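Undergrad: Please read through the structure below; I'll follow up with questions.
Computed from the coordinates by the stated procedures, all read-outs in this text should not be read as laboratory data. Note that this is a predicted model, so its numbers are computed, not measured. Heads up, the Cβs are rebuilt from the backbone with ideal geometry, glycines too, and the neighbour counts pull from every protein chain shown.
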Amino acid sequence: MTGEVSDAELRELLQPGRRVAVVGLSPKPDRDSHRVAAYLQAKGFRVLPVHPKAREILGEPVYARLEEVPPPVDMVYIFRKGSEVLPFVETAAGLRPLAVWLPLGVTSPEAVEVARRYGFLLVMDRCMMIEHARLAGGS
């Protein structure tokens, strides 16, 4: 089911070693996207930054567009406003991820339909860092 994801499903997604494309990952350390990605990286996730102008973030090469990220991609985390996420969710579908995440405060009914059509989980209005800390004992 999309939108509503169980703790068991989240635990399965939040396994170290997962490759996470982070759309809108800011090079600025004070931004939420940067803090969350740094946390994930420290917990064993492979962060794949997606930003149109940066060249390197968190020691990783940056992809200018989501469609440039090489597979496999386990999850796509989209740091954009709700009104801007749909094209990224549609592009993410082509990468065949296990899940697409939308951060706290971000939802998209249209994205739910895309997730249903392509068969991936859609986690909305949740922070991957908070959920990992809650379920996997991270801090």
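Undergrad: Would you mention how many residues in region 1-59 are among the basic types (Lys, Arg), touching a residue at least 60 places away in the same chain (Cβ under 8 Å) and not in a loop (DSSP other than H, G, I, E, B)?
TA: 2
Here's the yes/no breakdown for (1) surrounded by 12 or more Cβ atoms within 10 Å (Cβ to Cβ); (2) touching a helix residue (DSSP H, G or I) at 6+ places or on another chain (Cβ under 9 Å); (3) farther than 18 Å from VAL106 by Cα; (4) among the hydroxyl-bearing types (Ser, Thr, Tyr):
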| position | (1), (2), (3), (4) |
| --- | --- |
| ALA8 | no, no, yes, no |
| LEU13 | yes, yes, yes, no |
| PHE45 | yes, yes, yes, no |
| PRO49 | yes, yes, yes, no |
| ALA54 | yes, no, yes, no |
| ARG65 | yes, yes, yes, no |
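Undergrad: Let me ask something else about it. Going through region 60-75 one residue at a time, which ones are under 29 Å from ARG11 (Cβ atoms), touching a strand residue (DSSP E or B) at 6+ places or on another chain (Cβ under 7 Å) and either of a type in the set (Asp, Glu) or assigned to a loop (DSSP other than H, G, I, E, B) (or both)?
TA: Initial filter on region 60-75 (under 29 Å from ARG11 (Cβ atoms)): 60, 63, 66, 69-75.
Still in the running and touching a strand residue (DSSP E or B) at 6+ places or on another chain (Cβ under 7 Å): 60, 63, 66, 69, 72-75.
Within region 60-75, GLU60, VAL69, PRO72, VAL73, ASP74 meet the criteria.
Undergrad: Within region 76-86, is even one residue in contact with a helix residue (DSSP H, G or I) (Cβ under 9 Å, 6 or more places away or on another chain), in contact (Cβ under 8 Å) with a residue 60 or more places away in the chain and not charged (D, E, K, R)?
TA: The initial filter retains those residues of region 76-86 that are in contact with a helix residue (DSSP H, G or I) (Cβ under 9 Å, 6 or more places away or on another chain), namely 76-80, 82, 85-86.
Filter once more, keeping what is in contact (Cβ under 8 Å) with a residue 60 or more places away in the chain: none.
For region 76-86, residues in contact with a helix residue (DSSP H, G or I) (Cβ under 9 Å, 6 or more places away or on another chain), in contact (Cβ under 8 Å) with a residue 60 or more places away in the chain and not charged (D, E, K, R): absent.
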